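A short worksheet on the structure shown next.
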Amino acid sequence: MFLHKDTFPTMTEIKKEFIFSNDSLAMYPLLNEIVSFLKIHLPSEQYAFKISNCKQILIELLTNAVKHSNADTTVLSVYINGQAIEITKSDKGRKFYLNNYTSWPPLTWPLDKKYIGEKIKIYQDDISNLYAVIKTENRIVFEIEEYPITKVTSSSNLLEHYGLLIMAKFSNEFFYLYNPETNLNQFTTIINV
């Protein structure tokens, strides 16, 4: 199918799952496979920016799987429809946690219902704050608060939870869901097209 560069193709729904061995050597080949899949199903030049955002998100999800999941495998699901690209990373490894988090409310899964609606600051640097908003006992949504860059000091902590910040910045919606019955952890990003 040939598309004029200014033509926006009509999309049908498509979903594909990719199995990741959580091996750092397998990251690059899988990243290329998923990006190629996106390019096939979103061929217009108008999607190039969205595919670039997806690539950054995928790099962070794959890195997260290698560094934090403690699982043998991870499933990456890519769902495309006319409104959005949804990428979900699922594993049965370690639940989402925050290093050095000692604030209130405690983050143990499932979360206590009385904390629904709480907004927890989980990352702060000179340019932004990243929050986890408790939506249900098993779901948190990540939100960013950015402020003008005046200076970045040498004391800035730009690395801790930076991957979460990247995924929140490149997504229209980004959330974590834990299923206590199956012990399934899911990070989902939604990118509007």
> Looking at N70, N53, N81, N64, which is the one that is surrounded by 12 or more Cβ atoms within 10 Å (Cβ to Cβ) and on the phi > 0 side of the Ramachandran plot?
Replying inline: N70
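Can you pull out the strands (runs of 3 or more DSSP E) entirely within the range 33-133 that have at least 3 residues that are more than 21 Å from T12 (Cβ to Cβ)? Steps first, answer last, please.
Working: elements: 74-80, 84-91, 119-124.
Once the strands (runs of 3 or more DSSP E) in the range 33-133 are filtered for at least 3 residues that are more than 21 Å from T12 (Cβ to Cβ), what remains is 84-91, 119-124.
Within 27 Å of L42 (Cα to Cα), modelled with pLDDT under 95 and not hydroxyl-bearing (S, T, Y): which single residue out of N192, N157, N183 fits that description? Show your work before the answer.
Numbers: N157 fails: within 27 Å of L42 (Cα to Cα); N183 fails: within 27 Å of L42 (Cα to Cα).
Checking each option against the conditions leaves just N192.
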>> Just to verify a result, which residue in the range 105-136, among those that are closer than 18 Å to E181 by Cα and either surrounded by fewer than 16 Cβ atoms within 10 Å (Cβ to Cβ) or among the aromatic types (F, W, Y) (or both), is modelled with the lowest pLDDT?
In response: T108
>> Cβ contacts < 6 Å: first residue open to solvent by less than 10 Å² (accessible area, probe 1.4 Å), restricted to the range 32-44; second residue at pLDDT 90 or above, any location; separation 6+ or different chain. Result?
In response: I34/F18; I34/L58; L38/I51; L38/C54
> Can you tell me which residues in the range 1-30 are open to solvent by 60 Å² or more (accessible area, probe 1.4 Å), at pLDDT 90 or above, touching a helix residue (DSSP H, G or I) at 6+ places or on another chain (Cβ under 8 Å) and more than 14 Å from D91 (Cβ to Cβ)?
Replying inline: K16, S24
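The values are calculated or read from the model by the stated rules, or taken from the named source; none is laboratory data. All values derive from a computational prediction rather than experimental measurement. Using ideal geometry, Cβ is built from the backbone for each residue, glycine included, and neighbour counts are taken over all protein chains shown. Calculation scope for accessible area: heavy atoms of the full protein, side chains included, ligands and nucleic acids excluded. Shrake-Rupley method; radii C 1.70, N 1.55, O 1.52, S 1.80 Å.
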